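Chemist: One structure is given below, represented as structure tokens, and several questions about it will come after.
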Amino acid sequence: MPTLLELQRNMRAALVERDVGPIGESLIDGIGSERLDIYRNTILSGLTKALRLAFPAVERLVGSEFFESAADAFIAEHPPRAAYLNRYGDEFPDFLSRFPPAASLSYLADVASLEWAVNCALHAPDETPLELSQLAALSPDEQCRVSFRAHPSVGLARSDFPVDGIWRAVLSGDDGAMAALDLTAGPVFLLVERGEAGLEVTRMKKSAWEFVGALCRGEPLLSATNATLGLDAANLLAEQLACGRFVAFALNTHEAPASPEAA
Amino acid sequence: MTSPVVSPTAVTQASLIPAKAGIGLRFQHHQSVIDIQPDVAWMEVHTENYMGGGTALRYLDAIRRDVPISLHGVGLSLGSAEGLDPAHLERIRQVAERIEPGLVSEHIAWSVVGGVHLADLLPLPMTEEALDVVCRHVDQVQLYLNRPILVENPSTYLTFRHSTIPEWEFMAAVAARTGCGILCDVNNIYVSTQNHDWDASAYLAGLPPPAIREIHLAGHAVRQLAGGRTLRIDDHASSVAPEVWALYQEALARFGPVPTLIEWDNNVPPLETLLKEAQHAQALIAAADNKGIAHADAA
């Protein structure tokens, strides 16, 4: 008689690795693998649905049949580690970049990365943004040492392709906009967030994007400023705060606040 | 039935779930519910759909001002031999803190092994070991949330050779040992008793009436297996079957008026269809109540 843990491992072998031998010994006579298939199908369709919800533009780009086969392969390689399925699929963009059948669609993985940032922004916790006035009392020395914690909805993405345009055109079914995109126009630097007006994907200048990225990683203001030459850091910071992109600050440069989820 | 360690003091009067019919609230109906303000006594949501933040939670924040809400979790995996995921339990606590639900429920099932979440409600062997594991986890959850929870009987397609406890006795034992309530899913009882040739009336008779704090009703599918056997599948994708309505009346006769939920999660119909199903349940609750049947305190 298997222990509960043994039985659960055997069930996993049957449902994930399709090795029904060990669990078969525990099942009542007359029960075939058809019944195991019901559980297997529920798991697969549930996880595929979670991926569909997170990556709708990827699905439209490749078609639902292709998407399902990619999802099958992804789920086998990266089953979820937690029951919070709104956050299942963070490895899907990387998986797609290595998925041979998708190799001909060069921007697919980058569109997936953007969609993952969008998905994270949509489900991120609500937090109260930091006000510029809260920084007013800092001395000049403290202002150099200040570091920030980004709003949990803020994510950054970059691509060699205009993935923001692709994403919008695909989701709105606008073939004309899709055809008008110049795929060779050069890289785009994007900031994704859920603001007061809902989800936004904003194209930024490279220098500003790098500056905000450094702050999001928790780097002190001075080092973020120094790393980006020719930037009006004070104005740029004020703009970020006005957009509600940061929620807390700290002065201890040795213990920078936790960085947000990587986009 | 009261628990030795937890009391329902955290539940405010306003959020209590009445012994009436309610509906499962799904994303498709968020806006309609705000616009129409349907006449329904309470609603239930899947806890996992309201973790984190964003639009869904804002809708729920608004809806809960007018309608008592119950939280129904599908991912805690009370039956995992490896123990509960503390991060998931904390996420549930956060949703409960924000929504102040009238009831919090989970399933007698498991999903997690080896750190992998098999995204379904998988069947447990009905053994003393599994009973100990489930009771330990229910205790842990009730202490962590500082409130009693309900546990739902499963729908199953498999049974295990080494099971020694009838499922209804297993349910009753969990309630007796931990002080938790039972969410009696009448569709699940029908599905499982049909699939395993058990007696549905005996199942109902084996459940302790004072522990029954909620009832679920849902649709199921019928599938033909090789060898001419049929299997009923709990897919929540259609209206409640006539046989399940009949079993529900039997349950009401035994348990008295109990908060009753219409669950419909796949092929979700228009809100009006759900409300009609709920009205039918409400009529049956009222009829059972009018017969003056002695009933348990469902609060």
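Chemist: Do we find that A:Ser113 is touching a residue at least 60 places away in the same chain (Cβ under 8 Å) and either under 29 Å from B:Ser80 (Cβ atoms) or surrounded by 18 or more Cβ atoms within 10 Å (Cβ to Cβ) (or both) in this structure? Explain how you work it out, then say what you get.
Modeler: Values: touching a residue at least 60 places away in the same chain (Cβ under 8 Å): yes; either under 29 Å from B:Ser80 (Cβ atoms) or surrounded by 18 or more Cβ atoms within 10 Å (Cβ to Cβ) (or both): yes.
So A:Ser113 fits the description; yes.
Chemist: Then there is this: Are any residues in segment B:164-208 out of contact with any Phe, Trp or Tyr (no Cβ under 9 Å at 6 or more places or on another chain) and of a type in the set (Val, Ile, Thr), and if so, which ones?
Modeler: Within segment B:164-208, B:Thr164, B:Ile165, B:Val174, B:Thr178, B:Ile182 qualify.
Chemist: Still on this structure, please answer the following. Are there any pairs, at least 6 apart or on different chains, whose C-beta atoms fall under 8 Å, with the first in segment A:130-159 and in contact (Cβ under 8 Å) with a residue 60 or more places away in the chain and the second outside any loop (DSSP other than H, G, I, E, B) and of a type in the set (D, E, K, R), and if so, which?
Modeler: Between residues of segment A:130-159 that are in contact (Cβ under 8 Å) with a residue 60 or more places away in the chain and residues that are outside any loop (DSSP other than H, G, I, E, B) and of a type in the set (D, E, K, R), the close pairs are A:His151/A:Glu193; A:Val154/A:Glu193; A:Gly155/A:Glu193; A:Ala157/A:Asp110.
Chemist: Right, another one. Of everything in segment B:82-102, what is assigned to a loop (DSSP other than H, G, I, E, B) and within 20 Å of B:Glu214 (Cβ to Cβ)? Give them in sequence order.
Modeler: The first filter runs over segment B:82-102 and keeps only residues assigned to a loop (DSSP other than H, G, I, E, B), leaving B:82-85, B:100-102.
Residues satisfying the conditions are B:Glu100, B:Pro101, B:Gly102.
Chemist: Another one. Residues that are among the small types (Gly, Ala, Ser), part of a loop (DSSP other than H, G, I, E, B) and surrounded by 21 or more Cβ atoms within 10 Å (Cβ to Cβ): does segment A:80-90 have at least one? Let's see the steps before the verdict.
Modeler: Filtering segment A:80-90 down to residues among the small types (Gly, Ala, Ser) leaves A:82-83, A:89.
Retained after the next criterion (residues that are part of a loop (DSSP other than H, G, I, E, B)): A:82-83, A:89.
Okay, now just the ones that are also surrounded by 21 or more Cβ atoms within 10 Å (Cβ to Cβ), so A:83, A:89.
Within segment A:80-90 (the criterion being among the small types (Gly, Ala, Ser), part of a loop (DSSP other than H, G, I, E, B) and surrounded by 21 or more Cβ atoms within 10 Å (Cβ to Cβ)), the answer is yes, since at least one residue qualifies.
Chemist: Only one residue in B:Ala237, B:Ala281, B:Ala298 is within 15 Å of B:Ala21 (Cβ to Cβ), modelled with pLDDT under 95 and either among the polar types (S, T, N, Q) or touching a Phe, Trp or Tyr at 6+ places or on another chain (Cβ under 9 Å) (or both), so which one is that? Working first, answer last.
Modeler: On the way: B:Ala237 fails: within 15 Å of B:Ala21 (Cβ to Cβ); B:Ala281 fails: modelled with pLDDT under 95.
Just a single option satisfies the conditions, and that option is B:Ala298.
Chemist: Contact list please: Cβ distance under 7 Å, first residue in segment A:51-78 and farther than 11 Å from A:Phe92 by Cα, second residue assigned to a helix (DSSP H, G or I) and polar (S, T, N, Q), pairs at least six apart or on different chains.
Modeler: A:Glu68/A:Thr48
Chemist: For B:Leu78, are the conditions met, namely being crowded, with 24+ Cβ neighbours inside 10 Å, touching a Phe, Trp or Tyr at 6+ places or on another chain (Cβ under 8 Å), facing another protein chain (nearest Cβ under 7 Å) and at pLDDT 95 or above? Talk me through it step by step, then tell me what you get.
Modeler: Working: crowded, with 24+ Cβ neighbours inside 10 Å: yes; touching a Phe, Trp or Tyr at 6+ places or on another chain (Cβ under 8 Å): yes; facing another protein chain (nearest Cβ under 7 Å): no; at pLDDT 95 or above: yes.
No, not satisfied.
Chemist: Tally the residues that are surrounded by 16 or more Cβ atoms within 10 Å (Cβ to Cβ), at pLDDT 85 or above and not hydrophobic (A, V, I, L, M, F, W, C), restricting the search to segment A:225-263.
Modeler: 4
Chemist: Answer with yes or no whether A:Glu59 is surrounded by fewer than 16 Cβ atoms within 10 Å (Cβ to Cβ), out of contact with any Pro (no Cβ under 8 Å at 6 or more places or on another chain), more than 18 Å from B:Tyr157 (Cβ to Cβ) and more than 9 Å from chain B (Cβ to nearest Cβ). Walk me through it before giving the result.
Modeler: Values: surrounded by fewer than 16 Cβ atoms within 10 Å (Cβ to Cβ): no; out of contact with any Pro (no Cβ under 8 Å at 6 or more places or on another chain): yes; more than 18 Å from B:Tyr157 (Cβ to Cβ): yes; more than 9 Å from chain B (Cβ to nearest Cβ): yes.
No.
Chemist: Quick one: is A:Glu6 in a helix (DSSP H, G or I), surrounded by fewer than 16 Cβ atoms within 10 Å (Cβ to Cβ), facing another protein chain (nearest Cβ under 9 Å) and without any contact (Cβ under 8 Å) to a residue 40 or more places away in the chain? Outline the logic, then answer.
Modeler: Values: in a helix (DSSP H, G or I): yes; surrounded by fewer than 16 Cβ atoms within 10 Å (Cβ to Cβ): yes; facing another protein chain (nearest Cβ under 9 Å): yes; without any contact (Cβ under 8 Å) to a residue 40 or more places away in the chain: yes.
Answer is yes for this residue.
Chemist: Give the residues of segment B:132-142 that are among the β-branched types (Val, Ile, Thr) and more than 14 Å from every other protein chain (Cβ to nearest Cβ), sorted by residue number.
Modeler: Quick first cut of segment B:132-142, residues among the β-branched types (Val, Ile, Thr) only: B:133-134, B:138, B:141.
Scanning segment B:132-142 gives a single hit, B:Val138.
Chemist: Moving on. Out of segment B:45-75, which residues are within 8 Å of chain A (Cβ to nearest Cβ) and acidic (Asp, Glu)?
Modeler: Hit for segment B:45-75 is B:Glu48, nothing else.
Chemist: Mind checking whether some residue in segment A:18-36 is within 9 Å of chain B (Cβ to nearest Cβ), within 15 Å of B:Ile233 (Cα to Cα), touching a residue at least 24 places away in the same chain (Cβ under 8 Å) and not hydrophobic (A, V, I, L, M, F, W, C)?
Modeler: no
Chemist: Another question about this same structure. Count, please, the residues in segment A:127-148 that happen to be in contact with a helix residue (DSSP H, G or I) (Cβ under 7 Å, 6 or more places away or on another chain) and closer than 18 Å to A:Val192 by Cβ.
Modeler: 1
Chemist: What residue, among those in segment B:178-196 that are under 12 Å from B:Phe255 (Cβ atoms) and touching a helix residue (DSSP H, G or I) at 6+ places or on another chain (Cβ under 6 Å), is surrounded by the most Cβ atoms within 10 Å (Cβ to Cβ)?
Modeler: Only one residue tops the list, namely B:Ile182.
Chemist: Taking segment B:56-81, which residues are part of a helix (DSSP H, G or I) and in contact (Cβ under 8 Å) with a residue 12 or more places away in the chain? Spell out the reasoning first.
Modeler: Kept after step one, since they are part of a helix (DSSP H, G or I), are these residues of segment B:56-81: B:56-63.
Passing the criteria: B:Ala56, B:Leu57, B:Tyr59, B:Leu60, B:Asp61, B:Ala62, B:Ile63.
Chemist: Out of all the residues in segment B:170-184, which are farther than 26 Å from A:Pro22 by Cα and in contact (Cβ under 8 Å) with a residue 40 or more places away in the chain? Don't jump to the end; show me each part of the working.
Modeler: Here is the first cut: in segment B:170-184, the residues farther than 26 Å from A:Pro22 by Cα are B:171-184.
Within segment B:170-184, B:Met171, B:Ala173, B:Val174, B:Ala175, B:Ala176, B:Arg177, B:Thr178, B:Gly179, B:Cys180, B:Gly181, B:Leu183, B:Cys184 meet the criteria.
Chemist: When you go through B:Leu118, B:Leu124 one by one, which is the residue that is closer than 19 Å to A:Arg40 by Cβ and in a loop (DSSP other than H, G, I, E, B)?
Modeler: B:Leu124
Chemist: A further question on this structure: Which of the residues that make up segment A:13-50 are under 21 Å from A:Phe95 (Cβ atoms), at pLDDT below 95 and surrounded by 19 or more Cβ atoms within 10 Å (Cβ to Cβ)?
Modeler: The one that is under 21 Å from A:Phe95 (Cβ atoms), at pLDDT below 95 and surrounded by 19 or more Cβ atoms within 10 Å (Cβ to Cβ): A:Leu15.
Chemist: If A:Leu122 satisfies all but one of (1) buried (at least 22 other Cβ atoms within 10 Å of the Cβ); (2) within 14 Å of chain B (Cβ to nearest Cβ); (3) touching a strand residue (DSSP E or B) at 6+ places or on another chain (Cβ under 7 Å), what's the number of the condition it fails?
Modeler: If we test A:Leu122 against (1) buried (at least 22 other Cβ atoms within 10 Å of the Cβ); (2) within 14 Å of chain B (Cβ to nearest Cβ); (3) touching a strand residue (DSSP E or B) at 6+ places or on another chain (Cβ under 7 Å), just (1) comes out false.
Chemist: Let me ask something else about it. Kindly check whether there is at least one residue in segment B:26-49 that is assigned to a loop (DSSP other than H, G, I, E, B), β-branched (Val, Ile, Thr) and within 21 Å of the chain's Cα centre (by Cα). Don't jump to the end; show me each part of the working.
Modeler: Initial filter on segment B:26-49 (assigned to a loop (DSSP other than H, G, I, E, B)): B:26, B:37-42.
Narrowing the set further to residues that are β-branched (Val, Ile, Thr) leaves B:40.
Checking the rest, the ones that are also within 21 Å of the chain's Cα centre (by Cα) come to B:40.
Checked segment B:26-49: at least one residue is assigned to a loop (DSSP other than H, G, I, E, B), β-branched (Val, Ile, Thr) and within 21 Å of the chain's Cα centre (by Cα).
Chemist: More than 14 Å from chain B (Cβ to nearest Cβ), touching a residue at least 40 places away in the same chain (Cβ under 8 Å), on the phi < 0 side of the Ramachandran plot and not hydrophobic (A, V, I, L, M, F, W, C) - does that describe any residue in segment A:83-99?
Modeler: No, there is no match, as no residue in segment A:83-99 is more than 14 Å from chain B (Cβ to nearest Cβ), touching a residue at least 40 places away in the same chain (Cβ under 8 Å), on the phi < 0 side of the Ramachandran plot and not hydrophobic (A, V, I, L, M, F, W, C).
Chemist: Among the numbered criteria (1) within 14 Å of another protein chain (Cβ to nearest Cβ); (2) in a strand (DSSP E or B), which single criterion is violated by B:Ser105?
Modeler: With respect to (1) within 14 Å of another protein chain (Cβ to nearest Cβ); (2) in a strand (DSSP E or B), B:Ser105 is out only on (1).
The values are calculated or read from the model by the stated rules, or taken from the named source; none is laboratory data. All values derive from a computational prediction rather than experimental measurement. Positions of Cβ are generated from backbone atoms using ideal geometry, with glycine treated the same way; all protein chains shown enter the neighbour counts.
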